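Presented below is the structure to which this report refers.
The values are calculated or read from the model by the stated rules, or taken from the named source; none is laboratory data. No experiment lies behind these values; they were computed from the predicted model shown. Note that each Cβ is placed from the backbone with ideal geometry, even for glycine, and that neighbours are counted across all protein chains shown.
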């Protein structure tokens, strides 16, 4: 055994404890919000009055925290009692861990995206920001998850979403390559793709003009529908928007200001599409 193995084992153990603690706190906060609603509805039934209501509100997140950490199996307070089914507590804990891991992964991607955008801004080269979202993706992934009764090993909702976003990723990358865009030196232009929470995909398309950006959008939409069909998914719509700035407009621009402007324009396009569909 090397000298570093005990240290690594201790570090991993500490990280797991911290992660479990964060998940427990997150779930406890959620249950506090739910608990407030429940207490409002059950005050008269449980005959909880006066300061007892405040005490109960304060104890709810504590009980849930202890249950998630595996230190509490049940409790009884006056006429009220509750027992935590271990499998259900584990389900809640696993679901919370998945959401925490997903958020951390996408936040890392957003930091990488803003870092790359900062580098490109310093070079003062021409580029387009292309934002893409799969319409109603969460509702669709939820529908597939609930309909799949085949086995206990069925895909989780976040795994379904990830697979569809990967398909959109490939669709955009292939569309950019198909356009055969060249840089100022006649070499193949480069692009960067990042998977975020909002939007699903951001592409930095370098050395791209407005006509080429439009063509990328058209090809990506076609590719996406074809790739979905190959993977046996239902046909889904995708919203793709783009934004670019002239060299003069780039002066004073920051990665966050560009991201905010592109995000706002993308959301306006999504709203317009929904109004049109209704």
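List of remarks:
- Test for residue 257: is it farther than 24 Å from residue 166 by Cα, without any contact (Cβ under 8 Å) to a residue 60 or more places away in the chain and surrounded by 10 or more Cβ atoms within 10 Å (Cβ to Cβ): yes
- Qualifying position, being farther than 23 Å from residue 112 by Cα and within 16 Å of the chain's Cα centre (by Cα), among 193, 181, 201, 160: 160
- Residue 217 vs. criteria in contact with a strand residue (DSSP E or B) (Cβ under 8 Å, 6 or more places away or on another chain) and within 15 Å of residue 134 (Cα to Cα): yes
- Residue satisfying all of: in segment 170-195; in contact with a strand residue (DSSP E or B) (Cβ under 6 Å, 6 or more places away or on another chain) and buried (at least 19 other Cβ atoms within 10 Å of the Cβ); nearest to residue 225 (Cα to Cα) among these: 172
- Condition check for residue 232: loosely packed, with under 12 Cβ neighbours inside 10 Å, at pLDDT below 95 and either in a helix (DSSP H, G or I) or not assigned by TED's automatic domain parsing to the domain that holds residue 164 (or both): no
- Condition check for residue 260: part of a helix (DSSP H, G or I), in the same structural domain as residue 163 (by TED's automatic domain parsing) and more than 25 Å from residue 107 (Cα to Cα): no
- Exactly one residue out of 196, 215 is more than 22 Å from residue 138 (Cβ to Cβ) and touching a residue at least 24 places away in the same chain (Cβ under 8 Å), and it is 215.
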